[in-house]
Amino acid sequence: MSQSAKASTVAAESLLTAVAEQVAGAGDLEGLTRPLLNILQRLTGLDSVYLTAIDWQADQQQILFSQNSGDMTIGEGLVVPWHDTLCRRALDENRFLTTDVPVRWGDSEAARALNIQTYASVPVKADDGEIFGTLCGASDHVAPVPEGTESVMSLFAQLVAHQIQLERAASHARQRARQAEDAARSFQGIAALAEQCSGATVLEEALHGCAGVLDSIWTDVTVRTCHPADEGPAKPVVRAFMNWLIGQQLTPDGAGWWNRRDDPDVFEAAGELVGPDIVGIGVACAMRRGQSAGSVLVLARALPSQGLAAQQMLTGLALHLSLLVTRLELRESLEASYREIERQARLDPLTALPNRRQLEEEGERLRARAVRHGGRVCAAFVDLDGFKQINDDHGHDAGDRFLMQVAVSLQTVTRAEEICARYGGDEFVLLALVPEHEADAFHDAVRDRLEEAVRGHYDLGDASIDYPGASVGVTIQASAEESLADLLVRADEAMYEVKRRRRGEGASGRRD
Ligand SMILES: Nc1nc2c(ncn2[C@@H]2O[C@H](COP(=O)(O)OP(=O)(O)OP(=O)(O)O)[C@@H](O)[C@H]2O)c(=O)[nH]1
């Protein structure tokens with residue numbers, strides 16, 4: 001091997017060693033590129049060597065890293081229109097080296113401005129052929145670029161392209177990881193929102209719970225709740241949102257995000273609530289028959305990082321709130337039905353007076369009051385004399401009409417603290433609380449009151465009758481301990497005593 005061949009082999013080996021060291025130690029694109037530019041400049045002797053990036057969409061080329069010597073300075077960060085560059089011309093002509101730039105590419109303003117005479121350029125290409133940028137060298141004089149420079153620059157360009165691809169892959173992976181984290185947070189958030197809605201027994205409770213969840217997962221937001229019943233400060237914003245939705249002619253799913261461009265007026269209203277720096281407003285409404293029954297309002301000073309997921313989260317929340325409203329409505333109407341059934345079960349269907357079951361419940365309450373406050377329970381048994389005859393003479397319907405009118409009369413003379421019930425057939429019972437020292441007077445007064453109430457003229461449809469009156473038996477508890485059942489038995493007996501007397505029978509007559 002000749003001396004010069006030996007020398008060039010040694011130079012090539014030391015160059016490769018230097019490059020290998022730089023590549024191994026490079027932490028990022030800059031850490032790789034700067035030493036490579038340094039080696040390249042020493043190797044070529046060109047005034048400026050640099051790496052560029054091409055933005056194909058913006059039609060621009062930018063100097064990323066450069067190394068300058070002599071009079072030529074190609075500044076880092078410099079951006080030039082791509083179509084005017086020497087790189088574009090070199091690429092188009094597939095030309096590595098040009099030593100007569102002013103002659104060949106005299107139309108390039110950038111080359112004229114920088115006074116470039118010699119120019120070398122290789123593309124920095126991804127594996128799939130995408131051109132990231134160029135690796136270049138330039139001098140303001142005719143520079144004798146050594147043989148083999150093109151291969152070295154191509155090798156360097158490959159190393160740079162490799163590094164760019166690595167960094168892009170890493171950035172892509174980081175982005176995917178962030179998206180996965182965001183998605184996980186969204187799912188957790190939606191699960192937490194669903195839990196708030198499924199556990200709530202009133203809408204306001206769910207609205208506040210969900211507002212708390214959103215507040216904890218999103219930063220830079222103010223979360224408010226709004227309910228039609230409250231005239232809270234968020235109400236104008238929510239109303240504007242609903243109008244906006246209707247204006248969009250969307251099927252309102254009750255959720256949305258919008259920005260200042262969508263409706264500046266809404267942002268004015270929001271600004272008055274929490275300050276002017278709101279960039280986004282989100283609303284999730286509990287929908288009831290196309291109207292908002294209540295809402296959660298998000299006023300964001302920075303859009304939640306979840307982006308699209310943030311919208312989905314509000315849509316999901318609106319759905320859960322709307323389901324809750326439906327569930328609560330169903331429960332309410334079920335409860336109302338139960339209450340009505342319960343009420344009906346305590347009423348006599350013909351006269352609408354309390355029936356025997358309710359009489360017994362109320363009677364026990366009266367007994368308890370008698371024990372607490374002193375006093376006695378008074379029971380008055382009313383049996384309509386000759387009722388069977390009314391049925392027989394005028395028919396069952398007329399008998400019904402008679403019973404209903406008697407019930408109205410008895411109800412009319414029943415005082416607020418008393419209870420009057422249909423005990424069965426043609427029997428009615430009145431229960432009252434009597435102060436102990438008034439027992440005797442009350443006994444006669446209640447009997448007279450009831451007899452008087454029942455006696456009189458009745459219009460029974462096809463017929464009318466003058467009814468002479470009922471048998472009324474009145475008893476008062478012997479002591480506060482006497483049971484209601486015993487009291488009613490005694491009242492029944494007293495009534496029969498009266499009935500027997502009224503019939504003019506002997507005292508030993510028994511009930512038929
Ligand atoms: N129209 C009608 N009749 C009823 C109703 N419930 C019971 N009755 C009738 O009421 C009558 C009551 O019988 P009684 O108490 O023996 O008849 P009464 O003529 O009043 O006899 P005394 O009590 O001895 O005076 C029976 O004929 C029952 O069929 C009802 O809801 N409507």
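Worth pointing out:
- Using a probe of 1.4 angstrom and keeping all protein chains present, the accessible surface of the chain works out to 52 square angstrom per residue.
- Rounded to the nearest Hz, the phi-derived 3J(HN,Hα) couplings of segment 114-130 under the Karplus curve 6.51 cos²θ - 1.76 cosθ + 1.60 (θ = phi - 60°) are 8, 6, 7, 10, 10, 9, 10, 8, 10, x, 9, 10, 6, 4, 8, x, 5, where x marks glycine and proline.
- Long-range HN-HN contacts of residue 355 with modeled amide H, under 5 Å: 347, 348
- The radius of gyration of the Cα set in segment 364-512, together with its Dmax, comes out at 15.9, 51 angstrom.
- Phi to ³J(HN,Hα) by Karplus 6.51 cos²θ - 1.76 cosθ + 1.60 over segment 416-432, Hz, x for Gly, Pro: 4, 8, 9, 10, 10, 10, 8, 7, x, x, 9, 10, 10, 10, 10, 10, 9
- Rg then Dmax, both in Å and based on the Cα atoms of segment 186-294: 13.8, 38.
- In angstrom, the C-alpha Rg and Dmax of segment 231-377 are 25.9, 78.
- Segment 128-195-segment 348-399 distance, computed between alpha-carbon centres (Å): 93
- Taking label points 7 Å from Cα along the Cα-to-Cβ direction, residue 413 and residue 174 give a separation of 9.5 nm.
- Estimated from helices alone, the mean residue ellipticity of the chain at 222 nm is -17500 deg cm²/dmol (sum of -39500 (n - 2.57) over DSSP H runs with n ≥ 4, per residue).
- For segment 361-468, a crude dipole built from +1 on the beta carbon of Lys and Arg and -1 on the beta carbon of Asp and Glu, taken about the Cα centre, is about 580 debye to the nearest 20.
- Two-decimal log10 I(q)/I(0) for segment 3-145, as the Debye equation yields it once each C-alpha is a single scatterer, q = 0.14 Å⁻¹: -0.69
- Kirkwood Rh in Å, taken over segment 318-370 so that all alpha-carbon pairs contribute: 13.6
- Stretch gain in nm, segment residue 360-residue 167, where the contour uses 0.36 nm per residue and the Cα spacing is subtracted: 60.9 nm
- Near the amide H of residue 455, within less than 5 Å, lie the amide hydrogens of 470, all on another chain or at least 5 residues away, with H placed in the peptide plane.
- Spherically averaged projected area of the convex hull of Cα atoms, segment 346-452: 6.6 nm².
- Kyte-Doolittle at least 0.5, axis length at least 20 Å by Cα - qualifying DSSP helices, the chain: 203-217
- Span from the segment 91-110 Cα centroid across to the segment 416-445 one, whole angstrom: 120
- With all protein chains in place and a 1.4 Å probe, the accessible surface of the chain carries 51 percent carbon and sulfur.
- Dividing the convex hull volume of the alpha carbon atoms of the chain by its residue count gives 296 Å³ per residue.
- Gain on full stretching of the segment that runs from residue 479 to residue 17 - 0.36 nm per residue minus C-alpha separation: 154.6 nm
- Taken along the Cα-to-beta-carbon direction at a fixed 7 Å, the label points for residue 239 and residue 448 span 6.4 nm.
The values are calculated or read from the model by the stated rules, or taken from the named source; none is laboratory data. Fair warning: this is a prediction, and the values are worked out from it, not measured in the lab. Here the Cβ is made from the backbone with ideal geometry for all residues, glycine too, and neighbour counts use every protein chain on show. Only protein heavy atoms, including side chains, enter the accessible area calculation; ligands, DNA and RNA are left aside. Shrake-Rupley method; radii C 1.70, N 1.55, O 1.52, S 1.80 Å.
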